Amino acid sequence: MTRHPVDARVRLRSTARTVVVAVTILLASGNARAQQEPAVGPDLSPAEVQQLFDAFVLVQAQEALSLTDAQFGPFVTRLKQLQDVRRRTQQQDQRLLRTLQQLSSRAGTSDRDLEARLQELEDQRTQAAAAVRNARAAVEAVLDTRQRVRFLMFERRMEQRQMELLMRARNARGGQTQPRRQRPNQTR
């Protein structure tokens, strides 16, 4: 049985709206619980918050940019690619920074090794900027001029909302970014 592209688009919109409702409910219940019981709240990891937020962005973009039905499919695909490129390059950057920090704190690490890692970080950042630029250009290729302007403003608003969402999730978890394991008491 072949599926009609409109059916797939309707299912995608329905799923995205369901995710938005779920995020809203989780955040509302998390804030209410956090006020009553500071230690209780939704136990969302930063990755889960990011996934939910990405779905939220997709739903909000259609309305904010007034996307046509013809634009919606290509826009969603390309925006997801842009989100993936940004996330992947940010993870690579963080991994290289952690490695640099570890190496710089070791007494036996030579300046030559550090220089090589610094160059690797610089190269990665240059490649990341180009990859993000290309992914962003692919998104903008689907949009008309007015939509591209709205997309700039939309991205700024979404970045602000993302920071607020991450702060709420962190506060709901008692300020911890990750659950910490308790070490067993060691007797001396």
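Scan the range 162-188 residue by residue and report those that are more than 17 Å from ARG86 (Cα to Cα) and at pLDDT 80 or above.
Selection gives GLU164, MET167.
I'd like the residue in the range 50-102 that is among the acidic types (Asp, Glu) and surrounded by fewer than 18 Cβ atoms within 10 Å (Cβ to Cβ) and, out of all such residues, is nearest to ASP123 (Cα to Cα). Please lay out each step first, then the result.
Taking the range 50-102 as the starting set, the residues that turn out to be among the acidic types (Asp, Glu) are 54, 63, 69, 84, 93.
Going one step further and asking which of them are surrounded by fewer than 18 Cβ atoms within 10 Å (Cβ to Cβ), we end up with 63, 69, 84, 93.
Numbers: GLU63: 38, ASP69: 39, ASP84: 19, ASP93: 10 Å.
Ranking the qualifying residues of the range 50-102, first place goes to ASP93.
From the list VAL142, VAL132, which residue is more than 20 Å from the chain's Cα centre (by Cα), at pLDDT 95 or above and of a type in the set (Val, Ile, Thr)? Working first, answer last.
On the way: VAL132 fails: more than 20 Å from the chain's Cα centre (by Cα).
Sole residue among the options that is more than 20 Å from the chain's Cα centre (by Cα), at pLDDT 95 or above and of a type in the set (Val, Ile, Thr): VAL142.
Do we find that MET153 is within 16 Å of ARG78 (Cβ to Cβ) and of a type in the set (A, V, I, L, M) in this structure?
On the way: within 16 Å of ARG78 (Cβ to Cβ): no; of a type in the set (A, V, I, L, M): yes.
No, not satisfied.
Being free of Cβ contacts under 8 Å to residues at least 24 places away in the same chain, over 26 Å from ALA70 (Cα atoms) and not in a helix (DSSP H, G or I) narrows it down to one residue among THR126, THR109; which is it?
It is THR109.
The values are calculated or read from the model by the stated rules, or taken from the named source; none is laboratory data. No experiment lies behind these values; they were computed from the predicted model shown. Using ideal geometry, Cβ is built from the backbone for each residue, glycine included, and neighbour counts are taken over all protein chains shown.
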